[in-house]
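The values are calculated or read from the model by the stated rules, or taken from the named source; none is laboratory data. Not measured: the values here are computed from a predicted model. Neighbour counts run over all protein chains shown; Cβ positions are idealised from the backbone, glycine included.
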Amino acid sequence: MKFVEISKLFSLNKSTYVNLRWIAYIGQIIAILFVEFYLNFKFSYTICTIIIFFSILTNIYLQFFIKDNQINNLISTTYLGFDIIQLGTLLYLTGGITNPFIILIIVPAVFSSQYLKIKSSIFLVILTVLILLLLTFYYKDLPSPGDLHFHAPDYYLNAVPLSLVIGLIFLVYYGVKFGEENRFRKQAYDQIQEVMAKENELLSLGGQAAAAAHSLGTPLSTILLTAKELKKEYGDNKKISKDLDLLVSQSNRCSEILKKLSLNPNIEDKFISSNISLNECIQEIVSSFEEISKKKFLVNSNEFKKRIKTNKSAEIIYGLRNFIGNANKFSKDKIEIYLKSNEKETIIIIIDDGPGFPKNLIEKHKLGEPYIRSKSSEEISKYGFGLGTFIGKTLLEKNYASINFENRNDKSGAKVIIKWQNKDLKNI
């Protein structure tokens, strides 16, 4: 799976956007028909109908002539800008700022804030504000029966666009922030899927080896049979006979290897193939790090009384490996791992002697979120963006664990506390 670049995430889903526009146009048609023919209020009915008809043509073009399922940022901005102008024109013909449907004009800009680039959102906000200002001073009367006209104090009419602009800015700001967080989180989840796909590939190698053994059995037998027949026919030729003997011996060796794979495809990987306790899991992970790291690993399982066997889980393995790997990366000399369990819960504590977690991230409860941003480039190079912590936390929480992050009180260093309820651990 290829990692998705964030720049490709600024788009709108075409089918969703087209359906929303159809709903808007149907609502507009119902509104003008109701006012014109049921209430008998007189207004620019014909011009409104022409504007809506032209808008419907743009939606038909979008639905049938633009082939992409995801509409890029530029086209999306253009269409949303058109929607603002179209609705502004209809409001101009039907009361302007006094029209109760005036609030709908902020919808396109708010909609864009979560899905499009911030420049597009700023453009649409400015366009919306300009149209609101125009509708405040220039508009036709609100449709009403006979000679009755709707009048409101000037301070009220001025307050309506002001409140809409304030609401628009707040909604767009929150939309931009939430959209940005969603994109970061989507990237991080894509990263998790990519990692887990690789883990699953490793887990499936045993089954693939068995399938290969069955598939290769027949052609290998044919090769062996042919070599023996050639040896009978050309056995007197010493040079050819020696080569044929080598071919027969190597064919027999291949047959033995394939036979072993067929009987036990995971013969060399007992760790993955068997159910294990968390103590055994930690020992295997630590052993793999000790082979590549010069730092000292201390595993204390004196208080690990209740050793529950769990089903193999690539997610737990990778989640624990992530936190132990982080401890190895940031520690100075030593990593301590404590395993504790009783009748109710099982706890794993991972402690290092490194710089510890940034205090501001612990205080704001930001640890475990992906792509943590810092104003200091030094902190970024020192602590990273938090993607590894996010992946480990997400994978373990998916398997019923709760994660807490602390700094050591006695000296510098970070502490990660991973806790399971034993009843949940048995269900993995």
Study note, to complete from the structure: Of the conditions (1) within 21 Å of Cys48 (Cβ to Cβ); (2) out of contact with any Leu (no Cβ under 9 Å at 6 or more places or on another chain); (3) buried (at least 20 other Cβ atoms within 10 Å of the Cβ), the single one that Leu134 does not satisfy is (3)
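Just to be sure, is Ser293 part of a helix (DSSP H, G or I) and either assigned by TED's automatic domain parsing to the domain that holds Glu397 or hydrophobic (A, V, I, L, M, F, W, C) (or both)?
Considered against the rule, which asks whether it is part of a helix (DSSP H, G or I) and either assigned by TED's automatic domain parsing to the domain that holds Glu397 or hydrophobic (A, V, I, L, M, F, W, C) (or both), Ser293 comes out as no.
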Revision key, fill the gap. Result of the Cβ filter at 7 Å on the range 22-33, keeping first residues that are assigned by TED's automatic domain parsing to the domain that holds Leu93 and partners that are among the small types (Gly, Ala, Ser), at least 6 apart or interchain, is Tyr25/Ser55
Revision key, fill the gap. Flagged in the range 105-117 as closer than 11 Å to Thr77 by Cα and within 23 Å of the chain's Cα centre (by Cα), in numbering order, are Phe111, Ser112, Ser113, Tyr115, Leu116, Lys117
Exercise for review: From the list Ile126, Ile166, pick out the single residue that is within 34 Å of the chain's Cα centre (by Cα), loosely packed, with under 13 Cβ neighbours inside 10 Å, part of a helix (DSSP H, G or I) and at pLDDT 95 or above.
Suggested key: Ile126
**Study point:** Criterion: at pLDDT 90 or above and over 15 Å from Ile282 (Cβ atoms) - qualifying residue of Glu378, Glu345
**Key:** Glu345
